[in-house]
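K.L.:
Handing you this structure, nothing more for now.
The values are calculated or read from the model by the stated rules, or taken from the named source; none is laboratory data. What you see is a predicted model, and the numbers here were worked out from it, not measured in a lab. Glycine gets a Cβ as well: all are built from the backbone with ideal geometry, and neighbour counts include every protein chain shown. Note: areas computed on protein heavy atoms with side chains; ligands, DNA, RNA excluded. Shrake-Rupley method; radii C 1.70, N 1.55, O 1.52, S 1.80 Å.
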Amino acid sequence: MSATAAAIAAPNRDPQVATALSRRRERISLFVKALCVAATAVSLLFLASILYTLLHLGLGGLSITVFTHMTKPSGDNGGLLNAIVGSIIQTAIGAAIGTPVGIMVGTYLAEYARASALGNAVRFVSDVLLSAPSILIGLFIYQLFVNGHGYSGIAGGLSLAVIVIPIVVRTTEDMLRLIPLALREAAVALGAPKWKAIVFICYRAALDGIATGILLAIARVAGETAPLLFTSLGNDNWSIDLGAPMSSLPLTIYQYAGSPADDWVQLAWVGALLITFGVLALNIIARIALRPRR
Amino acid sequence: MSQVASTASVPARRSAISGDAIFAAVAVAAGVFVLVLLGAIIISLFIGGLPSFRAFGLGFLTSTDWDPVQHIYGAAVPIYGTVVTSILALLMAVPLAFGVAFYLTELAPAWLRRPIGTAVELLAAVPSIIYGMWGFFVIAPFMATYIEPNVIDTLDGIPVLQDLFAGPPFGTGLFTAALILAVMVLPFIAATMRDVFMTVPPVYKESAYGVGCTTWEVMRSIVVPYTRTSVVGGIMLGLGRALGETMAVTFVIGNTNRITGNLFGSGNTIASLVALEFGESENGSLKLSSLLALGFILFVISFIVLAISRLLLRPRAVRA
């Protein structure tokens, strides 16, 4: 095989030189392949190291008091209850506001504006927002709602909603584009107006994919810290008042991880363990939900 | 509208038409809302930073001061830190990502592709703050114990390099921040590269194999030239992510407002400075305005990088 290849590549050469050249090329290829396997192994090692660190340092502190006690001063056997509840509330607000907006924008892009100038502009801006630094979205909500009104849980939820929108837009548009045109034509031929064809035919057919997008968006914002720094601020006490500063798991982790108190650092690791495995579980569920489509 | 509707002869048809109009209007409004959102973000950051821009003018960009006592603020140090950590992160992440993408498209057995691809993508799902803790508690001590002292000793006496890789071997600093950033942007670059490598028509690769090319030669001469634009787009996407990354960097950057020129020394980035100093800024103060001005600068830089990334990724994606 290698001799034939070399013969075609250099027919006039001495066969011994050709064989040597072929061997050299094979060796280079093998070397690069080995580097690629090594690169993949190193990447997986990073993930393994993160998961091992979380389990190693987090599992030891995991107990029922984490879920039943509030955050308390160091040495007081505190838990993370208010942080967990605050995170759930703010993530829910973000998803509740961001999802319908995102679905409507995705619908606009897929059904109404396939190649129009406005549609292209919206798609471009949404894609930029998808990767825009989340800390700037926090500053934006701070300027808009917090400056002069004070920190609040609703502001935290709003900043997460801004992050949710472009994620849902992306998946909704992609999924709606996969729906065959014939399905829409069939609906219209039966006399259904366009909006009914979209809502009752296209949404239903694309449900798996859209749900996947929503799950991924929730997974993304559940771990967001930077935007909450300037919006919901954090709260050491129990508070589900949307107008007041609200605690959240990432902010509590941030506060505790940098503290000199050992029990706080331990709680930070427990919180990190909870949030990471929650987020990774959501991701895996979302991927499994998407699988039949492929 | 209602007058036209009342003269229509078939009531059912009338309601259907208005239903369509309402739905279309809501969809268009949602689309326009996204444009307004981006505009509002830019304008709000600019207005917030205006007092600072007024006070310092263009000198804000070049001044290395950050003096809350005398109320003198400059953006040069955090801009320097942001650019240095991001570029360094790409230098580390791009070869790794290329290796992963090459492995996943050409080398891995079919049954391994999905699990390994998913694992690499999960790396992108780990929250930023977790990277920060991992960096601070695992990577920084590792760097301080094994890597940095050895590198400093090895490079001692070599011009340029000995100055570049100098500084206190504490484990925190620009280099460690770049390393964490590299791990964070790796999955984004790798996923984009893998996706665009897959768009290469199999017949091109088969032709190359047919004339006796090795796997690496096919990659270098067929796949990479065919996908070059999109690969650069993927790298720019990674750069856009690295520029604005906040929590992970905040943990390991060391936060000093100084340009030392060496990589093991501490520094700051725009995002880390904003996160760390925001809590100590009074409402309406020049410091808060300067932080918002930094946010505006970061937004402009990220927007340009992400826009380039989109433009590079778009045409090929459509053709594929």
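K.L.:
For segment A:12-68, give me the residue count where each residue is of a type in the set (A, V, I, L, M), under 30 Å from A:Thr252 (Cα atoms) and within 11 Å of chain B (Cβ to nearest Cβ).
P.N.:
Residues flagged as of a type in the set (A, V, I, L, M), under 30 Å from A:Thr252 (Cα atoms) and within 11 Å of chain B (Cβ to nearest Cβ) within segment A:12-68 amount to 8.
K.L.:
Give segment B:282-293 a look and list any residue that's in a helix (DSSP H, G or I) and either touching a His at 6+ places or on another chain (Cβ under 6 Å) or surrounded by fewer than 21 Cβ atoms within 10 Å (Cβ to Cβ) (or both), or say none.
P.N.:
B:Leu286, B:Lys287
K.L.:
Would you check if there is a residue in segment A:157-176 being closer than 25 Å to A:Thr212 by Cβ, acidic (Asp, Glu), surrounded by 22 or more Cβ atoms within 10 Å (Cβ to Cβ) and out of contact with any Asp or Glu (no Cβ under 7 Å at 6 or more places or on another chain)?
P.N.:
The answer is yes; a qualifying residue exists.
K.L.:
For the list (1) assigned to a helix (DSSP H, G or I); (2) more than 9 Å from chain B (Cβ to nearest Cβ), I need the number of the one condition that A:Asp76 fails.
P.N.:
(1)
K.L.:
Continuing with this model, one more query. Which of (1) more than 12 Å from chain B (Cβ to nearest Cβ); (2) small (Gly, Ala, Ser); (3) open to solvent by 20 Å² or more (accessible area, probe 1.4 Å) is the odd one out, the single condition A:Gly213 does not satisfy?
P.N.:
Of the numbered conditions (1) more than 12 Å from chain B (Cβ to nearest Cβ); (2) small (Gly, Ala, Ser); (3) open to solvent by 20 Å² or more (accessible area, probe 1.4 Å), the odd one out for A:Gly213 is (3).
K.L.:
If you take the residues in segment B:40-66 that are facing chain A (nearest Cβ under 9 Å) and buried (at least 17 other Cβ atoms within 10 Å of the Cβ), which one is farthest from A:Val125 (Cα to Cα)?
P.N.:
Residue satisfying both the conditions and the ranking: B:Gly48.
K.L.:
Turning to a different aspect of this structure: With respect to B:Leu37, determine if the residue is open to solvent by less than 50 Å² (accessible area, probe 1.4 Å) and part of a helix (DSSP H, G or I).
P.N.:
Considered against the rule, which asks whether it is open to solvent by less than 50 Å² (accessible area, probe 1.4 Å) and part of a helix (DSSP H, G or I), B:Leu37 comes out as yes.
K.L.:
Next up: Of the residues that make up segment B:220-230, is at least one open to solvent by less than 20 Å² (accessible area, probe 1.4 Å), in contact (Cβ under 8 Å) with a residue 24 or more places away in the chain, closer than 30 Å to A:Thr19 by Cα and in contact with a Phe, Trp or Tyr (Cβ under 9 Å, 6 or more places away or on another chain)?
P.N.:
yes
K.L.:
Let me ask another. Do we find that B:Gly265 is in contact (Cβ under 8 Å) with a residue 12 or more places away in the chain, away from chain A (no Cβ under 12 Å) and touching a Lys or Arg at 6+ places or on another chain (Cβ under 9 Å) in this structure?
P.N.:
The answer is yes for B:Gly265.
K.L.:
Here's a follow-up. Within segment B:287-298, track down each residue that is hydrophobic (A, V, I, L, M, F, W, C) and within 15 Å of A:Gln143 (Cα to Cα).
P.N.:
Across segment B:287-298, the qualifying residues are B:Leu288, B:Leu291, B:Leu292, B:Ala293, B:Leu294, B:Phe296.
K.L.:
Just checking, does segment A:129-147 include any residue being at pLDDT below 95, more than 9 Å from every other protein chain (Cβ to nearest Cβ) and over 18 Å from the mean Cα position of the chain (by Cα)?
P.N.:
Within segment A:129-147, one or more residues are at pLDDT below 95, more than 9 Å from every other protein chain (Cβ to nearest Cβ) and over 18 Å from the mean Cα position of the chain (by Cα).
K.L.:
Any residue in segment A:70-89 that's modelled with pLDDT under 95: show its pairings with residues that are of a type in the set (Asp, Glu) and open to solvent by 40 Å² or more (accessible area, probe 1.4 Å) at Cβ separation under 6 Å, as long as the two are six or more apart or on different chains.
P.N.:
Going by the 6 Å Cβ cut-off, the qualifying pairs are A:Thr71/A:Asp236; A:Ser74/A:Asp263.
K.L.:
Collect the residues in segment B:67-96 that are open to solvent by less than 20 Å² (accessible area, probe 1.4 Å), hydroxyl-bearing (Ser, Thr, Tyr) and within 28 Å of B:Ile189 (Cβ to Cβ), keeping them in residue-number order.
P.N.:
Hits for segment B:67-96 are B:Thr82, B:Thr85, B:Ser86.
K.L.:
Let me ask something additional. Which of the helices (runs of 4 or more DSSP H) contained wholly in segment B:104-170 include at least 3 residues that are at the interface with another protein chain (Cβ under 9 Å from one of its Cβ atoms)?
P.N.:
Working: elements: B:110-125, B:128-134, B:148-155, B:161-164.
The qualifying helices (runs of 4 or more DSSP H) are B:110-125, B:128-134.
K.L.:
A follow-up question, please. Working only within segment B:155-181, note down all residues that are open to solvent by 10 Å² or more (accessible area, probe 1.4 Å), under 20 Å from B:Pro95 (Cβ atoms) and either in contact with an Asp or Glu (Cβ under 7 Å, 6 or more places away or on another chain) or in contact (Cβ under 8 Å) with a residue 12 or more places away in the chain (or both). Before you say what the answer is, go through the steps one by one.
P.N.:
Here is the first cut: in segment B:155-181, the residues open to solvent by 10 Å² or more (accessible area, probe 1.4 Å) are B:155-170, B:172, B:175, B:179.
Imposing the further condition that a residue be under 20 Å from B:Pro95 (Cβ atoms) reduces the set to B:161, B:164-165, B:175, B:179.
Of everything in segment B:155-181, those that are open to solvent by 10 Å² or more (accessible area, probe 1.4 Å), under 20 Å from B:Pro95 (Cβ atoms) and either in contact with an Asp or Glu (Cβ under 7 Å, 6 or more places away or on another chain) or in contact (Cβ under 8 Å) with a residue 12 or more places away in the chain (or both) turn out to be B:Leu164, B:Phe165, B:Phe175, B:Leu179.
K.L.:
Still on this structure: Mind telling me which of the residues A:Leu249, A:Leu233, A:Leu282 ends up being open to solvent by 50 Å² or more (accessible area, probe 1.4 Å), under 21 Å from A:Ser134 (Cα atoms), in contact (Cβ under 8 Å) with a residue 12 or more places away in the chain and at the interface with another protein chain (Cβ under 10 Å from one of its Cβ atoms)?
P.N.:
Step by step, each of A:Leu249, A:Leu233, A:Leu282 is checked, and only A:Leu233 is open to solvent by 50 Å² or more (accessible area, probe 1.4 Å), under 21 Å from A:Ser134 (Cα atoms), in contact (Cβ under 8 Å) with a residue 12 or more places away in the chain and at the interface with another protein chain (Cβ under 10 Å from one of its Cβ atoms).
K.L.:
Only one of (1) within 30 Å of B:Gly48 (Cβ to Cβ); (2) assigned to a helix (DSSP H, G or I); (3) open to solvent by 40 Å² or more (accessible area, probe 1.4 Å) fails for A:His149. Which number is that?
P.N.:
Going through the list (1) within 30 Å of B:Gly48 (Cβ to Cβ); (2) assigned to a helix (DSSP H, G or I); (3) open to solvent by 40 Å² or more (accessible area, probe 1.4 Å), A:His149 breaks only (2).
K.L.:
Among the residues of segment B:9-34 satisfying the criterion of being over 30 Å from A:Phe124 (Cβ atoms) and open to solvent by 50 Å² or more (accessible area, probe 1.4 Å), which is modelled with the highest pLDDT?
P.N.:
So, considering only residues that are over 30 Å from A:Phe124 (Cβ atoms) and open to solvent by 50 Å² or more (accessible area, probe 1.4 Å), the one modelled with the highest pLDDT is B:Ile17.
K.L.:
Output the residue which, of all residues in segment A:220-229 that are touching a residue at least 60 places away in the same chain (Cβ under 8 Å), open to solvent by 20 Å² or more (accessible area, probe 1.4 Å) and part of a helix (DSSP H, G or I), is nearest to the other protein chains (Cβ to nearest Cβ). Steps first, answer last, please.
P.N.:
Looking only at segment A:220-229, we keep the residues that are touching a residue at least 60 places away in the same chain (Cβ under 8 Å), and these are A:221-222, A:224, A:226-229.
Imposing the further condition that a residue be open to solvent by 20 Å² or more (accessible area, probe 1.4 Å) reduces the set to A:222, A:224, A:229.
With the extra rule that they be part of a helix (DSSP H, G or I), the set shrinks to A:222, A:229.
Working: A:Ala222: 8, A:Leu229: 6 Å.
Ranking the qualifying residues of segment A:220-229, first place goes to A:Leu229.
K.L.:
So which pairs qualify, if the first residue must be in segment B:17-28 and under 13 Å from A:Ala113 (Cβ atoms), the second must be open to solvent by 40 Å² or more (accessible area, probe 1.4 Å), the Cβ gap must be under 7 Å, and the two must be at least 6 apart or on different chains?
P.N.:
What qualifies is B:Ala24/A:Tyr112; B:Ala27/A:Tyr112; B:Val28/A:Tyr112.
Here's the yes/no breakdown for (1) hydrophobic (A, V, I, L, M, F, W, C); (2) in a helix (DSSP H, G or I); (3) under 19 Å from the mean Cα position of the chain (by Cα):
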position: A:Ile198; (1), (2), (3): yes, yes, no
position: A:Gly209; (1), (2), (3): no, yes, yes
position: A:Gly213; (1), (2), (3): no, yes, yes
position: A:Ile218; (1), (2), (3): yes, yes, yes
position: A:Thr231; (1), (2), (3): no, no, no
position: A:Asn237; (1), (2), (3): no, no, no
position: A:Asp241; (1), (2), (3): no, no, no
position: A:Ala244; (1), (2), (3): yes, no, no
position: A:Leu251; (1), (2), (3): yes, yes, yes
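Listed here are the residues, each with its yes/no results for (1) surrounded by 21 or more Cβ atoms within 10 Å (Cβ to Cβ); (2) modelled with pLDDT under 90; (3) under 15 Å from the mean Cα position of the chain (by Cα).
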position	(1), (2), (3)
B:Phe251	yes, no, no
B:Asn255	no, yes, no
B:Asn268	yes, no, no
B:Glu280	no, yes, no
B:Gly295	yes, no, yes
B:Ile304	no, no, yes
B:Ala307	no, no, yes
B:Leu313	yes, yes, no
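K.L.:
From the list B:Leu91, B:Leu96, exactly one residue is out of contact with any helix residue (DSSP H, G or I) (no Cβ under 6 Å at 6 or more places or on another chain), within 30 Å of A:Val32 (Cβ to Cβ) and modelled with pLDDT of 95 or more. Which is it?
P.N.:
B:Leu91
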